[in-house]
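Participant: There's a structure below that I have some questions on.
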Amino acid sequence: MTITIVQITEAHAAGFRDCLDAVAREKRYLAQTEAPSLDHVESFVRDSVQKNAAQYVALDGSMVVGWCDIFPDWAAALAHGGGLGMGVLAAYRGLGIGRQLLLATLAHARRQGLTRVELEVRVDNLAAIGLYQRVGFVSEGRKRNRLRFDGVYFDALTMSLLFDGAGSA
């Protein structure tokens, strides 16, 4: 198995949607429980490509097996920062793919001038928390009952990484 990390293209839209859907349906790692329609995802990816967004996919051959993205906040006073999202198919976890995706995406976001990246992660997702900490993210707080799946509540941690100043990468 040879995994490659590449910036997303429109050709990856369907595979990205399939990967997103598989991870979402686990009801553990993402806030959504299924992917949007293929039309919606194709439009989203097209916009991402046009804006040279920090959005990467992991490929096993031509199959998308993971993704990571950082999109800048829209408000002027927050535009120096962005929110991170990522996921890896279950069969590909624990192989270092998430780290590769994360590092490529962070480097891209930094080149685009972002100085702050933030995320939310379920408190029981210890593997992801460990990965984020190893690349320099720090916890900023806990959101109680932030997520609810099938009537069960889960807390989430907010984490951030600063490229400049204290706590920088």
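The values are calculated or read from the model by the stated rules, or taken from the named source; none is laboratory data. Owing to the predicted nature of the structure, the values given are computational and were not obtained by experimental measurement. Counting neighbours? That spans all protein chains shown, and the Cβs are built from the backbone with ideal geometry, glycine included. Protein only, heavy atoms only, side chains kept; ligands, DNA and RNA dropped before computing areas. Shrake-Rupley method; radii C 1.70, N 1.55, O 1.52, S 1.80 Å.
Participant: Full extension from THR9 to GLN133: what is 0.36 nm times the residue separation minus their Cα-Cα distance, to one decimal in nm?
Facilitator: Numbers: separation 124, 0.36 × 124 = 44.64 nm, distance 2.91 nm.
The span from THR9 to GLN133 would gain 41.7 nm if fully extended.
Participant: Collect residues whose amide H, placed 1.01 Å from N in the peptide plane, falls under 5 Å from the amide H of VAL65; neighbours closer than 5 in sequence don't count.
Facilitator: ALA58, LEU59, ASP60
Participant: Rolling a 1.4 Å sphere over the protein heavy atoms, what is the accessible area per residue of the range 86-166, to the nearest Å²?
Facilitator: Working: 4300 Å² over 81 residues.
That works out to 53 Å² per residue.
Participant: Additional query: Ordered by residue, what ³J(HN,Hα) values in Hz, to whole numbers, does the range 135-148 give under the Karplus form 6.51 cos²θ - 1.76 cosθ + 1.60, where θ = phi - 60° and Gly and Pro are x?
Facilitator: Coupling constants for the range 135-148: 9, x, 5, 10, 6, 10, x, 10, 9, 6, 6, 5, 10, 9 Hz.
Participant: Classify the range 52-113 as rounded, prolate or oblate from the Cα gyration tensor: take a ≥ b ≥ c as the square roots of its eigenvalues, call it rounded if a/c is under 1.5, otherwise prolate when a/b beats b/c and oblate if not. It would help to have the intermediate numbers written out before the result.
Facilitator: Numbers: a/c = 2.62, a/b = 2.46, b/c = 1.07.
Prolate, because a/c is 1.5 or more and a/b exceeds b/c.
Participant: Evaluate E = 1/(1 + (r/R0)^6) for ALA90 and GLN112, where r is the Cβ-Cβ distance and R0 equals 45 Å; express this FRET efficiency to the nearest 0.05.
Facilitator: Numbers: r = 31 Å, r/R0 = 0.69.
The formula returns an efficiency of 0.90 here.
Participant: Quick one: pull the percent of accessible area on the chain belonging to carbon and sulfur, 1.4 Å probe, ligands and nucleic acids left out. Numbers along the way, then the final one.
Facilitator: Details: 4570 of 8880 Å².
Its accessible area is 52 percent carbon and sulfur atoms.
Participant: To continue, here is another question. What number, rounded to the nearest 500 deg cm²/dmol, is the helix-based mean residue ellipticity at 222 nm of the chain, given -39500 (n - 2.57) per DSSP H run of at least four residues and division by all its residues?
Facilitator: Details: 4 runs with 49 residues, N = 169.
Rounded to the nearest 500, it is -9000 deg cm²/dmol.
Participant: Whole percent per 5 Å bin, from 0 to the bin with the longest distance: what is P(r) over all C-alpha pairs of the chain?
Facilitator: The percentages, shortest bin first, are 1, 9, 17, 21, 21, 18, 10, 3, 0.
Participant: Any chance you could look up the accessible area of LYS27 with a 1.4 Å probe, heavy atoms only, rounded to 10 Å²?
Facilitator: Only protein atoms counted, so the area is about 70 Å².
Participant: What whole number of Å gives the distance from the Cα centroid of the range 92-169 to the Cα centroid of the range 14-61?
Facilitator: So the two Cα centres are separated by 18 Å.
Participant: Whole number in Å², please: accessible area per residue of the range 1-83, 1.4 Å probe, ligands, DNA and RNA not counted.
Facilitator: Heavy-atom accessible area per residue stands at 53 Å².
Participant: Evaluate the relative contact order of the chain (contact order divided by residue number), counting alpha-carbon pairs under 8 angstrom at least 6 apart; express in whole percent.
Facilitator: Numbers: 300 pairs, mean separation 30.9, N = 169.
For the chain, the relative contact order is 18 percent.
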